[in-house]
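Structure first, then comments.
The values are calculated or read from the model by the stated rules, or taken from the named source; none is laboratory data. Fair warning: this is a prediction, and the values are worked out from it, not measured in the lab. Cβ placement follows ideal geometry from the backbone for every residue including glycine, while neighbour counts extend to all protein chains displayed.
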Amino acid sequence: MRHEKAGRLLDLARMLASTSEGLTLDEIAERLAVGRRTAERMRDAVREVFPQMEEVEDPPTRRFRIPAGLDGLFQAPTAEELAALGAAAEAWAAQGAHARAGALRTLEHKVLSATRAAARRRLAPDLEALLQAETIAVQAGPRPFEDEAVLGAVREALKSLSTLRFRYEGGSTPGRVREVTPYGVLFGRANYLVAAEGEGSPRNWRLDRLADVEVTGTPAARDPSFSLQDYADESFGIYQDDTEDVVLRILPASAEGALRWRFHADQTLEPQPDGAVIVRFRASGMRELAWHLFTWGDQVQILEPPRLRTLLREQIELARAAHASDPDVAEP
């Protein structure tokens, strides 16, 4: 068997060992980007090597899994995997996300401690070379607040399906005590708790404005139809407001870059005969979108909505007014 085929079978075995409910043949085919017949042959080949593989009835189909996991012999990490893990931890630490960076470093230590000594010795030279040759380019932007105690309380409420009580130092009535049903956390330029107060809809609460956070133990009645990913995808950035249809025209000089650019999760790109690109998506957060479009200079035209054009003009005018004259220079 060629090495690449053996590697693909080992990838499948790891997939089947990493899931408790198992995978169907269609899911195997989708994850490995193969046809169903190929997925059947690969499943049969894995069963020959790992006879502990189970079939679980899940009408109208069946699922397959390796419940006891794989021996450490098959699980040794590569230098590239460990370097990626370390780089992710460093990137989060550089952004101020120390809790998540610490979790990744703990995971890195667990992986290395579970790796056989001989494998660690083989990995060491390549890992050292990669760590010295790769680094993270730090980008300008706010450092997100990530207090371990606050984040820990939020996660405990999410896991225990409990309401969360805190004093909120933001909004129209700073210092007011709130009790909310938590739905999740949005990590970004600033970190937000997504939660509903009373019978209201979920909205964003800045984590850095939460104080005296307490998991109440009171059962939280969440809307079962709510999807955090769908909620996040509704907005261009963090701020939620009215959802509108956005149509942008990227001029031909920047069309190639636009075709590789992700404005929104649900965008469509339409190359035009003159070389321009039409970008369409539906989102809220027009002010943040205007801030972003400011960076495109004269290479973007806003076709819809009119409110977005107005917001961008306002931002341009504010910037122009702030730089209309040279600032006073103090005498030495």
Test for P202: is it within 20 Å of L228 (Cα to Cα), in contact with a strand residue (DSSP E or B) (Cβ under 8 Å, 6 or more places away or on another chain) and not polar (S, T, N, Q): yes
Residue check for W296: of a type in the set (F, W, Y), farther than 28 Å from V154 by Cβ and at pLDDT 90 or above: yes
Only listed residue being within 29 Å of the chain's Cα centre (by Cα), in the same structural domain as L251 (by TED's automatic domain parsing) and surrounded by 18 or more Cβ atoms within 10 Å (Cβ to Cβ), chosen from L289, L269: L289
Condition met for A283 (in a strand (DSSP E or B), under 23 Å from F187 (Cα atoms), in contact (Cβ under 8 Å) with a residue 24 or more places away in the chain and not charged (D, E, K, R)): yes
Boolean, A253 is loosely packed, with under 15 Cβ neighbours inside 10 Å and either under 25 Å from the mean Cα position of the chain (by Cα) or hydrophobic (A, V, I, L, M, F, W, C) (or both): yes
Within region 195-254, tally of residues that are of a type in the set (A, V, I, L, M, F, W, C) and under 30 Å from D274 (Cβ atoms): 7
Residue count, region 292-326 (criterion: crowded, with 18+ Cβ neighbours inside 10 Å, touching a residue at least 40 places away in the same chain (Cβ under 8 Å) and under 15 Å from E244 (Cβ atoms)): 3
Any hit, region 138-154, residues being part of a helix (DSSP H, G or I), charged (D, E, K, R), modelled with pLDDT under 85 and over 30 Å from L16 (Cβ atoms): yes
Lone unmet requirement of (1) in contact with a strand residue (DSSP E or B) (Cβ under 6 Å, 6 or more places away or on another chain); (2) more than 25 Å from V194 (Cα to Cα); (3) modelled with pLDDT of 90 or more for V246: (2)
Qualifying residue in region 247-264 (condition: outside the structural domain of L186 (by TED's automatic domain parsing), in contact with a Phe, Trp or Tyr (Cβ under 9 Å, 6 or more places away or on another chain), hydroxyl-bearing (S, T, Y) and not in a strand (DSSP E or B)): yes
Criterion: free of Cβ contacts under 8 Å to residues at least 60 places away in the same chain and in contact with a helix residue (DSSP H, G or I) (Cβ under 6 Å, 6 or more places away or on another chain) - qualifying residue of L248, L228, L151: L151
Scan of region 192-208 for residues that are under 17 Å from D233 (Cα atoms) and among the basic types (K, R), ordered by number: R203
Residue list for region 98-114, restricted to those being more than 22 Å from V150 (Cβ to Cβ) and basic (K, R): K110
Residue in region 316-330 that is at pLDDT 90 or above, at negative phi and of a type in the set (A, V, I, L, M, F, W, C) present: no
Region 10-48: number of residues that are of a type in the set (V, I, T) and either touching a helix residue (DSSP H, G or I) at 6+ places or on another chain (Cβ under 6 Å) or modelled with pLDDT under 85 (or both): 3
Region 273-286: number of residues that are buried (at least 17 other Cβ atoms within 10 Å of the Cβ) and basic (K, R): 1
